[in-house]
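Data first, discussion second: the structure below is written as structure tokens.
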Amino acid sequence: MTVPELRMSLRFFADWDRIELVRRAVSDSADAVFADERFKDAIGMVASELLENAVKYGAVDALVELSVIRSLDDGADVVEVVVTNEVKAASPSVDALRERLAWLRSFEDPVEAYTAALLSAGDDGSEGGLGLVRVAHEGRATLECDVSHGGRVRVSATCPTPPWEERRATA
Amino acid sequence: MGAAADKEKVIERPTATVHLWGGPAKNVVHMVGVIREANAEAWLTPLLSDIHTTALARGLKEVELDIRALEYANAALWRSLVVWIKQIRERPGTYNLRVTWDPGRRWQEIALSTLRVFGFDSKTGVRVMIEGLDP
């Protein structure tokens, strides 16, 4: 291996207070490998938001899995953050997750989805899935979900590695 | 609103602290730590709503939200902040909001860049100013 490698794998009990520990660990590890402040913040946020969803909507007292792996396959240089958790059978959160990702894909640029989600915040009293939109925008991530493994949901966020060009919302 | 509303006040949460009404003009809301609780909106949105009510009662021209010492926040912060901004923009004669942030914390910059869509409301004249990002 001739390039720096990032490879983390954790399995822990779904507990809200552990998420911050993991966020810091992921951020610091990414910092050690890439030495990029923006990416460090972003990859920690991606892990944190995905884990928050897993803990919030997943089965209680179950294990949640996280992997953070740099991949250089197929000419791409990306970090894939994957969170896998158990859900209750027929959980409405799975459909809500699918719908949110479909909604997200309907935008050409994630910043448009992020802006739309922010503008609607508080309008209907719902949380609105801003966390996932944040992952797509701030993490520049491509999001996928797989619910084909009965009772388990796997959400992946594939993020390009730095350096990132500047990208700002237009006011 | 009496002197009680002018006093500095501290809201302690498990991982975050919010200092209210600091600064020379007693108009600074200073957030410190990490906002990461499950359903943080449950305390954050009402807190910002109270700040709004107090700012109106005191006839403030500007409130400064200082998040420089906020190490990290989950999406709840931005949802609650947008709800606050919408309250401010609901009617004329309210106050401007100035957000002070840390350029070293890149997560703040990315989210605040998007919040510039709320920059100026021509109906109410309310401005939301993001330090260092506004022209």
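The values are calculated or read from the model by the stated rules, or taken from the named source; none is laboratory data. Keep in mind the model is a prediction, meaning the values are calculated, not measured. Here Cβ is always computed from backbone atoms with ideal geometry, including for glycine, and neighbour counts include all displayed protein chains. SASA here: full protein model, heavy atoms, side chains in, ligands and nucleic acids out. Shrake-Rupley method; radii C 1.70, N 1.55, O 1.52, S 1.80 Å.
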| said: Could you tell me how many of the residues in the range B:5-45 are outside any strand (DSSP E or B) and farther than 22 Å from residue A:16 by Cα? | reply: 9
| If we keep just the residues of the range B:111-135 that are part of a helix (DSSP H, G or I) and β-branched (Val, Ile, Thr), which is most open to solvent (accessible area, probe 1.4 Å)? | B:117
| said: If I filter the range A:97-114 for residues that are closer than 22 Å to residue A:14 by Cβ, under 13 Å from the mean Cα position of the chain (by Cα), more than 14 Å from every other protein chain (Cβ to nearest Cβ) and open to solvent by 10 Å² or more (accessible area, probe 1.4 Å), do I get at least one hit? | reply: yes
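Taking the condition within 11 Å of chain A (Cβ to nearest Cβ), in contact with a strand residue (DSSP E or B) (Cβ under 8 Å, 6 or more places away or on another chain), part of a helix (DSSP H, G or I) and open to solvent by less than 40 Å² (accessible area, probe 1.4 Å), does residue B:51 pass?
Values: within 11 Å of chain A (Cβ to nearest Cβ): no; in contact with a strand residue (DSSP E or B) (Cβ under 8 Å, 6 or more places away or on another chain): yes; part of a helix (DSSP H, G or I): yes; open to solvent by less than 40 Å² (accessible area, probe 1.4 Å): yes.
It is false that residue B:51 is within 11 Å of chain A (Cβ to nearest Cβ), in contact with a strand residue (DSSP E or B) (Cβ under 8 Å, 6 or more places away or on another chain), part of a helix (DSSP H, G or I) and open to solvent by less than 40 Å² (accessible area, probe 1.4 Å).
Residues being without any contact (Cβ under 8 Å) to a residue 12 or more places away in the chain and more than 10 Å from every other protein chain (Cβ to nearest Cβ): count how many of those fall in the range B:94-131.
The first filter runs over the range B:94-131 and keeps only residues without any contact (Cβ under 8 Å) to a residue 12 or more places away in the chain, leaving B:104, B:106, B:110, B:114, B:117, B:120, B:122.
From what is left, the residues that are more than 10 Å from every other protein chain (Cβ to nearest Cβ) are B:122.
Of the residues in that region, 1 qualify.
Quick one: which residue in A:66, A:10 is farther than 21 Å from residue B:78 by Cα, open to solvent by 30 Å² or more (accessible area, probe 1.4 Å) and at pLDDT 95 or above? Can you show your working first?
Working: A:66 fails: open to solvent by 30 Å² or more (accessible area, probe 1.4 Å).
Only one candidate passes the filter, namely A:10.
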